[in-house]
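The values are calculated or read from the model by the stated rules, or taken from the named source; none is laboratory data. A quick note: this is a predicted structure, and the numbers were derived from the prediction, not measured. Methodologically, a virtual Cβ is constructed for each residue, glycine included, from the backbone with ideal geometry; neighbour enumeration extends over all protein chains shown.
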Amino acid sequence: MGLEVLGLGVVEHRVYEYLVRHRATTPTRIAADLGLRTAEISAALAALASRGLVSRDGAGDDEFAASPPDVALGALILEHEDRLRQAETEMLLLEQLYRDAGAGEADVVDVVRGTEAVGQRFNQLQRSARSEVLLFVKGDAVAVDRDANVEEELAVARGVRYRWVLERSRLEAPGVIDAAREAIAAGLDVRVAGELPTRMLVVDRAIAMVPLAAQGEDQSGGALLLHAGGLVGLAIALFERTWLAASHLVATADGTLAEVELDDEEREVLSLLDAGLTDKAIGVRTGTSVRTVQRRVRELMDRADVDTRLQLGVAAVRRGWL
């Protein structure tokens with residue numbers, strides 16, 4: 001995307017970058033080096049000059065020089081950020097109008113009808129994600145195929161964490177294993193569970209989307225949007241409980257996928273705990289804080305459905321974790 005987000009065209013971008021590298025030069029020389037027509041270069045220089053990115057060089061009226069990027073581009077970025085803040089303010093005002101218009105109907109739940117509308121909202125929710133996306137993948141189809149889900153790729157690129165829970169039977173569907181392998185390679189956390197209660201998407205722990213129809217019925221025709229509140233809290237709790245009990249899905253050395261109940265870090269913590277090390281000593285060995293060690297132990301206890309560390313040791317042996 002680069003400087004295009006600031007309103008620069010492709011030719012303008014290339015010309016500015018050229019001048020940054022070569023300092024002052026003429027339109028004719030720029031056109032020759034970039035393989036473009038002089039008229040295109042002149043138009044690009046005029047556009048760049050109007051934004052303060054280039055100016056005529058004092059050494060020659062026919063020569064142009066780039067303005068310092070930190071000054072010229074910095075000013076454009078500040079202007080762009082200001083416009084984004086204004087747009088965000090307008091969005092909040094429109095959102096309030098939307099809520100007021102549907103008071104008593106859509107304060108907590110919105111209904112989205114139609115396959116196309118569901119797919120559009122699915123994309124919009126991912127596009128709005130800032131920190132985390134939680135996803136239950138269930139049934140014979142998902143709202144948007146992974147190949148077409150460019151919003152996921154963009155969200156991951158800007159630092160959004162994705163956690164998938166796949167229904168085990170879903171792995172038998174054509175292309176799902178390849179999609180899961182690609183997801184893991186892209187940095188997504190993927191786990192597998194026996195049977196999921198529903199399809200579900202949760203974004204930033206603030207909004208959730210679930211099917212409009214009950215399980216067993218056609219779920220392609222609509223969805224419910226749950227807004228911040230108790231319903232979203234229930235959706236998050238359901239996801240986290242399922243996530244803890246689910247198996248890790250990892251890529252093996254030969255490129256296949258395998259289910260493992262514990263990842264390497266969890267297995268190391270459990271082994272050190274079994275060896276009698278304290279939480280502090282385990283933290284030193286694993287390079288983590290005591291709080292992180294305690295959290296991982298608590299998660300292992302929850303997954304084993306036990307209340308004490310002694311019970312965890314017994315359960316770990318029984319489950320083959322040790």
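Brief remarks on what is shown
- Inter-residue pairs, beta-carbon under 8 Å, first free of Cβ contacts under 8 Å to residues at least 60 places away in the same chain and on the phi < 0 side of the Ramachandran plot and in the range 107-130, second part of a loop (DSSP other than H, G, I, E, B) and among the hydrophobic types (A, V, I, L, M, F, W, C), 6+ apart: Gly119/Ala143; Gly119/Val144; Asn123/Val144
- In a residue-by-residue description of the range 216-232, the property of being within 21 Å of Trp164 (Cα to Cα), at pLDDT 90 or above and assigned to a helix (DSSP H, G or I) applies to at least one position.
Here's the yes/no breakdown for (1) under 29 Å from the mean Cα position of the chain (by Cα); (2) free of Cβ contacts under 8 Å to residues at least 12 places away in the same chain:
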{"site": "Asp274", "(1), (2)": "no, no"}
{"site": "Asp279", "(1), (2)": "no, no"}
{"site": "Val284", "(1), (2)": "no, yes"}
{"site": "Thr288", "(1), (2)": "yes, yes"}
{"site": "Arg296", "(1), (2)": "yes, no"}
{"site": "Asp302", "(1), (2)": "yes, no"}
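- Test: residue in the range 58-79 that is exposed (fewer than 11 other Cβ atoms within 10 Å of the Cβ), outside the structural domain of Ala157 (by the TED database) and either in contact with a Cys (Cβ under 8 Å, 6 or more places away or on another chain) or among the hydroxyl-bearing types (Ser, Thr, Tyr) (or both): no
- Leading residue by the ranking (surrounded by the fewest Cβ atoms within 10 Å (Cβ to Cβ)) among those in the range 27-53 that are at pLDDT below 90 and not in a helix (DSSP H, G or I): Gly52
- Members of the range 272-283 that are modelled with pLDDT of 85 or more and either touching a Ser or Thr at 6+ places or on another chain (Cβ under 6 Å) or surrounded by 13 or more Cβ atoms within 10 Å (Cβ to Cβ) (or both): Leu272, Leu273, Leu277, Asp279, Ala281, Ile282, Gly283
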